[in-house]
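Data first, discussion second: the structure below is written as structure tokens.
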There are 2 protein chains.
Amino acid sequence: MPDPIPSASSGSTEHVEEGRVLVPKFDTEGLITCVATDIGTGELLMVAHMDGEALRRTIATGEAWYYSRSRKRLWRKGESSGYGQRVIEMRIDCDQDAVWIKVEQTGPGACHTGRRSCFYRAIPIGQSAAGAIVLEFRNGGKTFDPQVAYRDGTNSSPTS
Amino acid sequence: MPDPIPSASSGSTEHVEEGRVLVPKFDTEGLITCVATDIGTGELLMVAHMDGEALRRTIATGEAWYYSRSRKRLWRKGESSGYGQRVIEMRIDCDQDAVWIKVEQTGPGACHTGRRSCFYRAIPIGQSAAGAIVLEFRNGGKTFDPQVAYRDGTNSSPTS
């Protein structure tokens with residue numbers, strides 16, 4: 001078992017923000033946020049979480065690993081559907097509590113609902129919350145059938 | 001005071017994922033993740049959080065509002081620095097626990113460290129965590145002086 005990645009809690013602000021050493025700041029659940037964008041189009045595909053082990057495996061292998069809060073376990077993107085993510089570039093943010101991966105998305109999509117991106121609905125600007133806020137579908141068509149892709153029944157909102 | 005936006009906790013999975021009504025799923029701290037990208041370049045500028053009121057104000061006004069966990073308060077992007085974000089398009093993800101805003105960033109940058117984007121360091125792929133993981137600066141040059149922009153001393157990692 002490799003050493004775990006040291007945490008930002010041990011570093012000064014200067015060390016965390018201007019340093020050259022990865023010291024991720026995990027939240028109270030031991031997670032950091034991960035944003036995945038398509039290396040070709042720049043489109044935002046999904047937002048999910050990584051624990052220390054998912055982060056370590058992603059860095060070591062170049063395949064995207066996440067931690068599913070709903071399933072409470074480590075998860076390699078594509079392990080059920082076959083639609084994995086090869087990480088081309090990886091960035092960390094200023095306070096080291098969020099990671100950005102630019103990926104090659106394998107197959108027709110990243111979203112467990114059967115769409116390319118999880119962000120298939122727009123919130124129109126200028127609405128007040130006095131009534132319900134109505135969403136507009138954008139590229140909302142399904143690119144694959146999640147019932148087929150996730151035969152093992154794991155297509156339950158894994159990004160949560 | 002307008003009505004608060006109803007939460008996803010009251011909706012079925014079908015309602016949340018395929019519906020046309022905004023029912024955001026706030027975490028145990030009452031927050032959802034917000035990813036801000038540059039409308040022109042597609043670059044990821046920052047990842048921060050919104051509470052219900054920040055979400056409501058952003059939707060109503062088209063100006064980006066966030067909730068700062070470190071300062072424990074609502075915060076309009078640019079209120080200290082003058083470098084705000086005009087929201088051109090807003091999306092919600094499948095399980096409604098993350099928001100994507102495409103913004104026009106005012107001024108030289110979004111990051112409290114004085115850079116255009118918070119994601120100015122790369123994590124090279126293929127490193128094992130046996131030793132320290134060494135970061136590489138990318139577009140790491142400062143585009144403004146945070147000591148001048150944040151004269152009120154609020155430049156302490158507001159995205160946390």
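The values are calculated or read from the model by the stated rules, or taken from the named source; none is laboratory data. Keep in mind that what you see is a predicted model, and the values were worked out from it rather than measured. Counting neighbours? That spans all protein chains shown, and the Cβs are built from the backbone with ideal geometry, glycine included. Quick note on the areas: whole protein, heavy atoms, side chains included, nothing else; ligands and nucleic acids left out. Shrake-Rupley method; radii C 1.70, N 1.55, O 1.52, S 1.80 Å.
Per residue, the convex hull spanned by the Cα atoms of the range A:9-56 amounts to 111 cubic angstrom. In order along the range B:28-34, the phi-based Karplus estimate (6.51 cos²θ - 1.76 cosθ + 1.60, θ = phi - 60°) of 3J(HN,Hα) comes to 5, 8, x, 10, 10, 7, 10 Hz; Gly and Pro are listed as x. PRE reach from A:Ser12 (point 7 Å along Cα→Cβ): which of the range B:80-116 fall under 17 Å by backbone N? In the range B:80-116, the label zone of A:Ser12 (backbone N under 17 Å from the point 7 Å along Cα→Cβ) covers no residue. Between the amide H of A:Glu89 and those of A:Lys102, distances stay under 5 Å, these residues lying 5 or more places away or on another chain, with hydrogens modeled in the peptide plane.
Kirkwood hydrodynamic radius of the protein assembly as shown, from the reciprocal of the average inverse Cα-Cα distance over all distinct pairs: 19.8 Å.
The same position B:Thr41 in the other copies lies at 2.2 nm from this copy, comparing label points 7 Å beyond Cα toward the beta-carbon, shortest first. Give the percent of DSSP beta bridges with both residues in chain A that are antiparallel, rounded to the nearest 5. Around 75 percent antiparallel, to the nearest 5. Fraction of C-alpha pairs exceeding 19 angstrom in chain B: 58 percent, rounded to a whole number. Counting only protein chain heavy atoms and rolling a 1.4 Å probe, the accessible areas of A:Phe144, A:Phe26 rank, largest first, as A:Phe26, A:Phe144. Per-residue mean of foreign Cβ neighbours for B:84-94 is 6 (Cβ atoms of other chains, 10 Å radius). Each residue was assigned an accessible area with a 1.4 Å probe, and for B:Trp65 the value is about 40 Å². Cross-link pairs exceeding 24 Å between alpha carbons, from the set B:Lys25/B:Lys102; A:Lys77/A:Lys102; A:Lys72/B:Lys25; A:Lys25/A:Lys72; A:Lys72/A:Lys142; B:Lys25/B:Lys72: A:Lys72/A:Lys142. Taking all protein chains as shown and a probe of 1.4 angstrom, A:His15 keeps an accessible surface of around 80 Å². Phi angles of the range B:94-111 translate, via the Karplus equation with coefficients 6.51, -1.76, 1.60 and θ = phi - 60°, into HN-Hα couplings of 3, 9, 6, 10, 8, 10, 10, 10, 9, 10, 8, 7, 7, x, x, x, 9, 8 Hz per residue; Gly and Pro are given as x.
With respect to chain B, whose longest principal axis is taken over its alpha-carbon atoms, helix B:52-61 is tilted by about 90°.
Annotation: the antiparallel percentage among DSSP beta bridges lying fully within the range A:27-106 is about 75. Over the protein assembly as shown, accessible surface divided per residue gives 40 Å², non-protein components excluded, 1.4 Å probe. With a 1.4 Å probe rolled over the protein heavy atoms of all chains, the accessible area of A:Glu14, A:Glu79, B:Glu53 falls in the order A:Glu14, A:Glu79, B:Glu53, largest first. With R₀ fixed at 25 Å, the C-beta to C-beta distance from A:Ser128 to B:Ile88 puts the FRET efficiency at about 0.85. Distance from the axis that maps chain B onto chain A is least for the Cβ of the chain B residue given, with the whole Å value, as B:Gly42, 2.
In this assembly of identical copies, the label point of B:Ala132 (Cα plus 7 Å along Cα-to-Cβ) is separated from its counterparts by 5.4 nm, sorted shortest first. Among B:Gly19, B:Gly107, B:Gly84, the residue with the largest mean-square fluctuation in a Gaussian network model of chain B, with springs joining Cα atoms closer than 10 Å, is B:Gly19. Take B:Glu79, push a point 7 Å out from Cα through the beta-carbon direction, and compare it with the same point in every other copy: 4.2 nm, smallest first.
As a test of the formula, what do you get for the protein assembly as shown when each DSSP H run with n ≥ 4 contributes -39,500 (n - 2.57) and the sum is divided by the residue count, at 222 nm and rounded to the nearest 500 deg cm²/dmol? Result for the protein assembly as shown, helices only: -3000 deg cm²/dmol.
Per-residue surface analysis assigns A:Asp38 an accessible area of about 10 Å², computed on protein heavy atoms at 1.4 Å probe radius.
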